[in-house]
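Data block below; observations after.
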Amino acid sequence: MTSILEARDVNKSYRMGKVLVPALCGVSFDVEDGEFLTIFGPSGSGKSTLLHLLGGLDRPDEGEILIDGTNILKLSDGKLAELRLNKIGFVFQFFNLLPRLTALRNVELPLTIAGVPDKETLDRAREMLKFVGLETRENHRPYELSGGEQQRVAIARALITIPKIILADEPTGNLDTKTGWEIVQLMKKLNEEKGQTFIVVTHDPRIAEQADRTIYLKDGLIEDIKEAETARGTRR
Amino acid sequence: MRVSKILGMALENLKQRKLRTSLTTLGVVIGITAIIGLASLGEGFRIEIRDRMQQGFELNNLTIIPGSLFAGLSRQRFTDDDVQNISKISGVETVTQVMQIGNVTLYNGNKSVQAFVATAVNFTEFIRIFSDRFVFESSIPLTKYKNDTIVIGYKVNHPTENDTRPFAVANDSIVSTLGVPRLEPIPHVEMQNYTFTVRGTLQQKGTPGITNFDYWIFIPLDTAREVYKTVESDLIFVKVYDREKSEDIAKDIEKLFPPFRITILVPLTFIKQVDNILSIVQLFLMAIASISLLVAGIGIMNIMTVSVMERTREIGILKAIGAKSRTVLTMFLAEAMLIGLIGGVIGVFTGYGVSYALAYALSRFIQPQQQNTTFQNPTQPQGLAITPVFSPEWTIAAFAFAIIVCVIFGLYPARKASKLNPVEALRYE
């Protein structure tokens with residue numbers, strides 16, 4: 001398998017007042033195409049920061065991040081936005097849907113930004129909503145949907161551009177156990193059926209159980225990387 | 001992202017915040033209403049004044065008086081040569097000279113009236129120049145004026161308002177007392193009676209320009225020359241073919257005389273100057289009105305800055321899913337532009353509406369008092385009838401101004417939105 005994502009000696013610090021707080025200190029790893037990877041770690045370990053860097057939402061202070069062979073440090077803001085649009089789908093803990101838009105319009109949004117014709121956008125958005133089981137809810141606004149439904153809409157939105165990589169930041173963190181499990185199953189199904197790469201930041205061991213590989217982060221450093229069998233074994 | 005989609009989303013965003021959008025737009029509406037209202041009303045007012053002055057002034061006629069206001073009025077008078085020279089200037093239709101005699105008393109049997117201005121004129125030339133005003137109420141058809149002809153102005157013939165009987169009618173024989181200067185034995189003025197035959201009485205015509213024939217009486221120039229033993233005159237009236245050339249012709253006339261020897265009253269120059277002043281006043285009013293639009297612009301900036309803060313998370317989401325900074329900038333600018341557009345459209349309509357309402361109110365409530373001034377022209381309608389002028393140029397300009405102001409003031413918040421770091425924006429609570 002080929003690497004779809006590469007992190008090389010990535011460093012990132014945040015300024016809090018006058019103090020520079022290191023978030024990531026020399027993180028390096030590869031993600032293979034079609035892999036289901038989880039990033040595990042306590043609060044403040046740098047998980048979300050890493051996810052933002054991998055998704056091209058931010059740039060590292062030092063080191064390199066290659067998304068599908070492209071070094072994001074060398075891209076302009078505009079090109080980076082294009083890369084996010086075409087190659088990456090984001091799923092957030094708090095769903096991050098636009099409250100004034102219907103489920104369908106939320107799903108359509110990336111294609112609208114991409115300037116795809118209306119007919120094609122509509123067809124694909126409906127297809128995606130059907131895939132996540134929400135074809136009957138397309139005209140509902142986020143506040144009319146349950147948490148699980150909102151997260152499905154968010155996943156549909158992340159999928160609509162058929163990105164190579166889906167980045168999810170605590171996707172079950174704001175859901176009850178049952179709904180969370182349904183979301184995990186949905187992601188796993190997508191990974192298996194569509195071969196999309198999933199990188200999931202999580203506290204939820206059930207997601208880690210589904211993962212091909214889990215990276216354990218602590219204080220901005222990779223503490224451990226465990227393959228599927230080992231990861232499951234550890235928990236047993 | 002396609003422009004139509006950006007505009008569509010901007011419109012949706014504005015609809016989401018109806019009250020806020022309405023109030024922000026109201027600022028633009030008021031600004032444009034003020035600009036359009038003042039512009040159209042001002043233009044209507046300017047045109048009304050200009051038209052009235054054009055009616056009031058005989059634009060084809062020039063009045064030449066001896067001397068200059070700055071160098072002192074001259075005691076020198078005009079001669080036949082002066083009249084001859086002026087008549088040779090190209091563009092001049094008719095030239096006539098007038099001798100002013102001063103005030104006289106007229107007697108018709110036991111009635112007497114005072115005429116403030118007795119004038120000696122060449123009737124043929126004079127009628128040609130003042131054909132609009134030198135109109136007879138009653139006259140004896142004449143092909144040639146005789147030496148004893150007298151023509152009486154309306155107010156001289158009707159000295160009191162309620163007296164329906166005129167002082168004289170055509171064919172009456174009346175006596176006029178003229179003061180004739182005598183040198184012997186010492187210089188003095190000797191009052192002498194002369195008998196004239198009334199050949200016509202004039203209609204009431206008021207005063208276009210500086211002369212009001214209502215208060216004048218006219219006798220033949222030749223008669224006056226004989227009585228006063230002079231061939232000089234006090235005023236020259238010139239009629240030109242083309243009123244637009246009257247200023248050039250006045251310059252040509254000036255060249256015939258030494259500096260400060262004469263003053264030429266050119267109605268066109270006066271009207272142009274008044275027109276210019278009114279234009280400046282109009283621009284000044286519009287500039288003041290524009291301030292209200294600038295205030296509206298600041299309102300837009302204020303509201304949009306708040307809006308950007310409120311929508312920080314939304315901006316973060318848009319950027320996370322691939323919207324470029326430019327797209328975010330355009331989205332916010334589109335909102336500002338739409339406010340300008342909507343405010344502009346409504347403002348143009350309300351502006352014209354307000355100008356018509358104001359024009360109506362002005363014409364209704366500002367009725368000039370009935371005065372009997374020398375500057376009144378009874379043939380003109382009373383009251384201020386202003387018709388606001390619809391100008392496509394101003395409409396487009398005001399419209400463009402609204403949009404430009406909104407976009408300029410929207411630029412700062414829009415840039416602020418577009419520069420947001422997506423990670424920080426997503427974290428924003």
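Computed over chain A, the per-residue total of -39500 (n - 2.57) for DSSP H runs of n ≥ 4 gives a 222 nm mean residue ellipticity of -11500 deg cm²/dmol, rounded to 500. Every Cα-Cα pair of the range B:107-233 was included, and the share exceeding 21 Å stands at 39 percent. Within chain A, antiparallel bridges make up roughly 55 percent of the DSSP beta bridges whose residues both belong there. Build a GNM of chain B with springs between Cα atoms under 10 Å apart, and of B:ASP148, B:ASP81, B:ASP214 the one that fluctuates most is B:ASP81. Beta bridges assigned by DSSP with both partners in the protein assembly as shown are antiparallel in approximately 70 percent of cases. The residues neighbouring B:PHE45, those whose beta-carbon lies less than 13 Å from its own, together hold a net charge of -1 under the Lys/Arg +1, Asp/Glu -1 convention.
Between A:VAL19 and A:LYS79, the simple spin-label model (points 7 angstrom out along Cα→Cβ) gives 3.8 nm. When chain B is treated as a Gaussian network with alpha carbon springs shorter than 10 Å, the biggest mean-square fluctuation among B:GLU247, B:GLU314, B:GLU58 belongs to B:GLU314. The mean number of Cβ atoms from other chains found within 10 Å of a Cβ in peptide B:322-329 is 6, as a whole number. Sorted on the mean count of surrounding Cβ atoms within 10 Å across their residues, most packed first, peptides B:116-123, A:18-25 read B:116-123, A:18-25.
The convex hull of the Cα atoms of the range B:311-359, projected and averaged over all directions, covers 4.1 nm².
For chain B, adding -39500 (n - 2.57) for each run of n ≥ 4 DSSP H residues and dividing by the number of residues yields -17000 deg cm²/dmol at 222 nm. Shown in residue order for the range B:179-184 are the 3J(HN,Hα) couplings computed by the Karplus curve 6.51 cos²θ - 1.76 cosθ + 1.60 at θ = phi - 60°: x, 9, x, 10, 9, 10 Hz (x for Gly and Pro).
In sequence order, the range B:149-160 has phi-based couplings of 5, 9, 10, 10, x, 4, 6, 6, 6, 10, x, 10 Hz under the Karplus curve 6.51 cos²θ - 1.76 cosθ + 1.60, θ = phi - 60°, and Gly or Pro positions carry x. Evaluating kT/(6 pi eta Rh) at 20 °C and 1.002 mPa s, with the Kirkwood radius of the range A:1-128 over Cα pairs in the Stokes-Einstein relation, gives 129 µm² s⁻¹. With no solvent and one equal point scatterer placed on each C-alpha of the protein assembly as shown, evaluate the Debye formula and give log10 I(q)/I(0) for q = 0.12 Å⁻¹, two decimals. Summing over Cα pairs of the protein assembly as shown leads to -1.18. Between 0 and 90 degrees, the angle of helix B:392-418 with respect to the longest Cα principal axis of chain B falls at about 30 degrees. Cross-link check: pairs A:LYS178/B:LYS319; A:LYS130/A:LYS189; A:LYS189/B:LYS5; A:LYS218/B:LYS319 evaluated at a Cα-Cα cut-off of 26 Å; pairs beyond the cut-off: A:LYS178/B:LYS319; A:LYS189/B:LYS5; A:LYS218/B:LYS319.
Once you have a ≥ b ≥ c as the square roots of the Cα gyration tensor eigenvalues for the range A:17-59, tell me rounded if a/c is under 1.5, and otherwise prolate or oblate according to whether a/b is larger than b/c. Prolate, because a/c is 1.5 or more and a/b exceeds b/c.
So what's the projected area for chain B, the Cα convex hull averaged over all directions, in nm²? Mean shadow area of the hull around the Cα atoms is 30.4 nm². Over 26 Å between C-alpha atoms is what I'm after, so list which of B:LYS15/B:LYS324; B:LYS239/B:LYS272; A:LYS79/B:LYS18; A:LYS87/A:LYS119 land there. A:LYS79/B:LYS18, as the Cα separations exceed 26 Å there.
None of the figures in this text is laboratory data; all of them are computed from the coordinates on show. As the structure is a computational prediction, the values presented were derived from the model and not from experiment. Counting neighbours? That spans all protein chains shown, and the Cβs are built from the backbone with ideal geometry, glycine included.
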